[in-house]
Each structure stands twice: as C-alpha cells, then as structure tokens.
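The values are calculated or read from the model by the stated rules, or taken from the named source; none is laboratory data. Quantities reported herein were computed from a predicted structural model and do not represent experimental measurements. Cβ: placed from backbone, ideal geometry, glycine included. Neighbour counts: every protein chain shown. The accessibility values were calculated without ligands, DNA or RNA, using every heavy atom of the protein model including side chains. Shrake-Rupley method; radii C 1.70, N 1.55, O 1.52, S 1.80 Å.
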Amino acid sequence: MTVTTPETVGETRGLPSLGPEGTRLLRLLDDTFEGWGVAAGARPMTMPPLLPAADLAKLDYYDNFPHQAVVATPLDLERRATTPFDTTAGRFPSEALEPAALGLPSASCYAVYLDHQGTRVADDTLVTICSWCFRKETHYEGMRRQLGFRMREIVAIGSREHAETHLADFTTRIQAFAAALDLPLRKEAACDPFFDKGSSKAVLQRLTPVKYEFLYEDLAIASVNTHRNFFGDRCGITLASTGGPAFTSCVAFGLERWLSALTRRHGSWESATRAVLDASRQVSAGASGAAGPVI
C-alpha cells in the first residue's frame, strides 16, 4: 500500500492539503509545543491573520523582507466593471484592486508586538500563539516550502535576562525532543536581514547572530530568535519595573515542516505519530522545571 506523506499530498501553488492522518499529527505537534509554552507560564492568545501594512512598515518589515512579502486588498468595485477577472491568466488585474493596505505576515510574532504596543509589561511576560503565515518563495515543494503555513511561537517580552533565558531553555528543550524522536537536527546561525544593513545593530548581528535555526537535512523546522529591544522601541513596549524598552525573543516551530521531517525520517504518518507520542512522554518524564511539556 502506498503511504501518503507530506511529500506526496497534492499541491497547488504552495497550498497543499492535509488528510486525517496529517491533520492529527499537526494538532499533536501544536498541542505539544503550546504545552511547553503554557507550562513555562505563557498566556495563549489568538491573533488576526492579516495586519495593517502601515504597522508592518513601521517595523521595517517591507525593507528587511521584501522578497517574502505578501499583501491583500479588496476589489475596487467601480473599476472591476471595466477590468474583469482575467480567466486566461487566472487573476484579477491590478487595475481592479484597491491599494494594498493589509499585510499577510511571514511570522506569527509580529502580531504579538503590535498587540502590546504602547503597553507596560512585567519583566517575565510570555505569550504563545499559532497563526497562519505567508511567504512568497522562488519555488514551492510539498510541506517543505509553502505559500501559506502554520507557525507556533512562544514569545518572551520583558527584561534582557528573561529574553535570553527563554531562548536557552527552549534550545535545550528542542534538542532533547529531537533526540527522543531520533530526529538528527543541526543548529546553525541564520543570516536573515533583520536590521538595516548599514546600522550599528546590523554590525552587532554579524558578530552575535540574532537567529539560530534547527535543520533536519537542509530544512529549517524550528528557530530561536532574539530581537534585543528593537520591537520594544518601535512599538513603545516598556517595562513596568524600570520604564525602559522591553526586550523580546521568540521560539518558532513551522508545523508543516515538522510533518515533512518526521515522515521522511520515520516513513509514515503512523510511525511519525507514534514517535511524537513516545518522545513527548520520554521528555516529559525526564524534564524538570517550568518548561516541561504538557501533552
């Protein structure tokens, strides 16, 4: 019998679907990662799938990641009458659209910082969310590289120590979980153009990377990211204890990419699901402290 894995599920322009087995495994993974965050004290939240493009521009998103950016806009109902849907090209012409004022973010955490803008936070604030994210890619490939995908994040907002400890704790957790899964991961510094290339922060980024990825083969399935006080400054998020700008960091899991890695490693949905259940119990039994997983 042919096993249906993420590599063989039907795909249309980076928008593949999942059947029952894949959906069950995706939910199991997301519950696992969310449980890690909740056990560490994170507050679960739900964020909107679209954000004002003006807010993303304020965070330099379109300067730093123009190659990934996807925007959305309503139809211009008056001009649509003279510029109808192009059935040959399979799209609406730009003349039939209103100006694009909505952005589809490429990561879940942007919404968290915007949601907290102008607020004072505790030194040890944690939030966890799972959102649809969108990235324009040069090509799409099954569950490995998609236009639309789901990302679970655990976001720290607070003191510098809190942001740094958050990443250290979850780096250990990711590595322990991968070992229990028999999923060999390689940790590598990433070179995302997060800060303006000519700024002093960009120089510091080259000396001290702000992002590390965990790769299975050539596929990054998780990352740990520090932003220092960039979002605290831009969004006016301040510490209740000192009044200074908050530091932020986040741990991110690309859920569909985990599906791809697990089924490639274990061969089937059933084997991959069993591996996750066993690894979760193993890591939970061996874990101590606040960041232990909850299944």
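Values as computed for the structure displayed
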quantity: Tally, over segment 25-36, of residues that are more than 14 Å from the chain's Cα centre (by Cα) and within 23 Å of A122 (Cα to Cα); calculated: 2
quantity: Filtered residue count, segment 91-103, keeping only those that are among the small types (G, A, S) and either closer than 30 Å to T165 by Cβ or buried (at least 16 other Cβ atoms within 10 Å of the Cβ) (or both); calculated: 2
quantity: Contacts under 9 angstrom Cβ, first residue in segment 57-73 being touching a residue at least 60 places away in the same chain (Cβ under 8 Å) and closer than 24 Å to G232 by Cβ, partner part of a strand (DSSP E or B) and open to solvent by less than 50 Å² (accessible area, probe 1.4 Å), 6 or more apart; calculated: Q68/F134; A69/G103; A69/L104; A69/F134
quantity: Answer residue from segment 55-66, given it is of a type in the set (A, V, I, L, M) and assigned to a helix (DSSP H, G or I) and is surrounded by the most Cβ atoms within 10 Å (Cβ to Cβ) among those; calculated: L56
quantity: Subset of segment 146-159 [touching a Gly at 6+ places or on another chain (Cβ under 7 Å) and open to solvent by 10 Å² or more (accessible area, probe 1.4 Å)]; calculated: Q146, L147, F149, M151
quantity: Top-ranked residue in segment 37-94 [being in contact with a Gly (Cβ under 9 Å, 6 or more places away or on another chain) and aromatic (F, W, Y); ranked as farthest from L114 (Cα to Cα)]; calculated: Y62
quantity: Matching residues, segment 16-38, being in contact (Cβ under 8 Å) with a residue 12 or more places away in the chain and within 23 Å of A111 (Cβ to Cβ); calculated: L26, L29, D30, D31, T32, F33, E34, G35, W36, G37, V38
quantity: Test: residue in segment 117-125 that is among the hydroxyl-bearing types (S, T, Y), part of a loop (DSSP other than H, G, I, E, B) and open to solvent by 20 Å² or more (accessible area, probe 1.4 Å); calculated: yes
quantity: Given (1) surrounded by fewer than 16 Cβ atoms within 10 Å (Cβ to Cβ); (2) part of a loop (DSSP other than H, G, I, E, B); (3) of a type outside the set (D, E, K, R), index of the condition S106 fails; calculated: (1)
quantity: Strands (runs of 3 or more DSSP E) contained in segment 204-287 and holding at least 2 residues open to solvent by 10 Å² or more (accessible area, probe 1.4 Å), closer than 24 Å to D123 by Cβ and out of contact with any helix residue (DSSP H, G or I) (no Cβ under 7 Å at 6 or more places or on another chain); calculated: 211-216, 219-228
quantity: Residue among T5, T32, T12 that is of a type in the set (S, T, N, Q), surrounded by fewer than 17 Cβ atoms within 10 Å (Cβ to Cβ) and either at pLDDT 90 or above or part of a loop (DSSP other than H, G, I, E, B) (or both); calculated: T12
quantity: Subset tally (residues that are in a loop (DSSP other than H, G, I, E, B) and open to solvent by less than 50 Å² (accessible area, probe 1.4 Å)) for segment 67-85; calculated: 5
quantity: Criterion: out of contact with any strand residue (DSSP E or B) (no Cβ under 7 Å at 6 or more places or on another chain) and either within 18 Å of A42 (Cα to Cα) or buried (at least 18 other Cβ atoms within 10 Å of the Cβ) (or both) - qualifying residue of T138, T172, T88; calculated: T172
quantity: In segment 39-54, the residues that are surrounded by 16 or more Cβ atoms within 10 Å (Cβ to Cβ) and either in contact (Cβ under 8 Å) with a residue 60 or more places away in the chain or within 29 Å of T172 (Cα to Cα) (or both); calculated: A39, A40, A42, M47, L51
quantity: Segment 149-161 residues that are outside any strand (DSSP E or B), paired with ones that are surrounded by fewer than 21 Cβ atoms within 10 Å (Cβ to Cβ) and at pLDDT 95 or above (beta carbon under 6 Å, 6 or more apart); calculated: S159/D123
